[in-house]
Amino acid sequence: MSVLSKPYFHDEESAFRYLEGIVWSGEPVCPHCGSVDRITKVKANPAKRIRFGLYRCGNCKGQFTVKIGTVFEHMRIPLHKALQAVYLVTSSKKGISAHQLHRTLEVTYKSAWFLLHRIREAMRDGDLSPFGGNGGVVEVDETFIGKKKGVPTKRAYHHKMKVLALVDRTSGKARTMVIDNVKTETLMPLVLKHVDRETRVMTDEHAAYRDVGRWFAGHGFTSHTKGEYVNLQDRTVHSNTVEGYFSIFKRGMKGVYQHCGEHHLPRYLAEFEFRYNNREALGCNDQDRAGNALRGIVGKRLTYGGSAATN
């Protein structure tokens with residue numbers, strides 16, 4: 001037996017029951033009128049094209065399944081295969097490619113690619129509360145990856161996509177975002193927005209962070225160009241945690257996905273951020289992580305055209 005031997009990974013009716021337990025907590029809610037009473041379940045009958053998990057609302061007379069109003073709405077892949085995909089994506093530290101998923105689930109590459117974007121959308125966290133506070137430490141750093149379309153390749157990083165990351169040492173969580181450049185006028189407003197003022201901020205020697213100490217409880221930095229990665233007088237002064245986060249992100253992007261368009265990068269960031277914020281060190285195992293991803297499917301919708309053309 002293995003984790004993937006569970007009934008909801010192989011049986012469609014069990015898959016719907018499992019997802020209903022996560023999304024509805026056992027009580028169906030009509031997505032059309034919000035009613036929780038006078039709801040009856042329609043018995044599945046493939047011969048009459050009656051779907052699994054179909055309900056009928058006695059108030060608005062509408063029919064629905066648990067997939068309505070989620071990223072799985074109008075999904076043509078069987079739900080039990082989608083649940084397998086969620087588990088595989090959330091339990092793979094550096095991700096799983098669409099080609100690997102299409103071979104494993106025996107679906108088309110196009111379907112696997114779209115399903116992966118649905119799952120990444122479910123992983124997206126809308127929490128914007130400031131990191132740090134109470135004298136805690138938040139590490140801030142930026143990195144460069146890939147290549148911007150239509151931008152000529154030059155020395156340094158000007159043709160690359162740019163990412164800003166913050167890691168809260170107290171909570172152990174990360175937050176990432178795509179940025180246009182690494183200038184002071186771009187970075188400082190983001191740091192001020194996402195970090196509590198009662199926080200010690202740790203960075204490298206990048207000049208854009210020169211005035212961070214004026215706004216926060218403290219500012220420590222190390223000079224990587226001089227080979228300094230930990231301050232020998234105060235060993236709490238370093239940005240090694242956020243560098244470690246970037247190492248996982250880059251190994252996944254280069255080793256598994258290999259290429260990412262600029263308009264898709266925010267969803268890939270959401271994927272790696274989700275797994276980092278729901279990791280074993282924070283008390284979240286593979287099954288917990290998959291369940292948390294499924295709780296994030298509600299209230300989000302993604303069409304194929306939208307996933308292919310916009311971020």
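The values are calculated or read from the model by the stated rules, or taken from the named source; none is laboratory data. Here the structure is a predicted model, which is why all the values come from computation and not from measurement. Ideal geometry is used to build each Cβ from the backbone, glycine not excepted, and the neighbour counts take in all protein chains shown.
From the list 66, 42, 89, 71, the one residue that fits, being without any contact (Cβ under 8 Å) to a residue 40 or more places away in the chain and among the aliphatic types (A, V, I, L, M), is 42. Would you be able to say whether some residue in the stretch 272-284 is assigned to a helix (DSSP H, G or I), out of contact with any helix residue (DSSP H, G or I) (no Cβ under 8 Å at 6 or more places or on another chain) and modelled with pLDDT under 95? No, the conditions are met nowhere in the stretch 272-284. Of everything in the stretch 119-132, what is of a type in the set (Gly, Ala, Ser) and either touching a Lys or Arg at 6+ places or on another chain (Cβ under 6 Å) or assigned to a loop (DSSP other than H, G, I, E, B) (or both)? Give them in sequence order. Within the stretch 119-132, 126, 129, 132 qualify.
Considering each residue of the stretch 115-134 in turn, none proves to be surrounded by fewer than 22 Cβ atoms within 10 Å (Cβ to Cβ), over 18 Å from the mean Cα position of the chain (by Cα) and of a type in the set (Lys, Arg). For beta carbons closer than 7 Å, sequence separation of 6+ or different chains, a first residue in the stretch 1-22 that is of a type in the set (S, T, N, Q) and a second that is not in a loop (DSSP other than H, G, I, E, B), the qualifying pairs are 14/7; 14/8.
Taking helices (runs of 4 or more DSSP H) that do not extend beyond the stretch 159-269, which have at least 2 residues that are charged (D, E, K, R) and surrounded by 14 or more Cβ atoms within 10 Å (Cβ to Cβ)? Working first, answer last.
Numbers: elements: 184-194, 212-215, 240-252.
Where helices (runs of 4 or more DSSP H) fall fully within the stretch 159-269 and carry at least 2 residues being charged (D, E, K, R) and surrounded by 14 or more Cβ atoms within 10 Å (Cβ to Cβ), they are 240-252.
Let's see how each residue does on (1) acidic (Asp, Glu); (2) touching a His at 6+ places or on another chain (Cβ under 8 Å); (3) within 28 Å of residue 288 (Cβ to Cβ):
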site: 35; (1), (2), (3): no, no, no
site: 39; (1), (2), (3): no, no, no
site: 58; (1), (2), (3): no, no, no
site: 75; (1), (2), (3): no, no, yes
site: 84; (1), (2), (3): no, no, yes
site: 92; (1), (2), (3): no, no, yes
site: 103; (1), (2), (3): no, no, yes
site: 128; (1), (2), (3): no, yes, yes
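Out of 241, 225, 186, 170, one residue alone is over 26 Å from residue 94 (Cβ atoms), modelled with pLDDT of 95 or more and of a type outside the set (D, E, K, R). It is 186. In this entry, residue 31 passes the filter for residues that are out of contact with any helix residue (DSSP H, G or I) (no Cβ under 8 Å at 6 or more places or on another chain), crowded, with 18+ Cβ neighbours inside 10 Å and of a type outside the set (Phe, Trp, Tyr). Scanning for something farther than 25 Å from residue 133 by Cβ and either of a type in the set (Phe, Trp, Tyr) or not assigned by TED's automatic domain parsing to the domain that holds residue 141 (or both), does the stretch 200-214 turn up at least one residue? The answer is no; no qualifying residue exists.
Per the conditions (1) more than 25 Å from residue 27 (Cα to Cα); (2) within 17 Å of the chain's Cα centre (by Cα); (3) among the hydrophobic types (A, V, I, L, M, F, W, C), the sole criterion not satisfied by residue 71 is (1).
Residues that are touching a strand residue (DSSP E or B) at 6+ places or on another chain (Cβ under 9 Å) and closer than 28 Å to residue 106 by Cβ within the stretch 20-50 comprise 23, 44, listed in sequence order.
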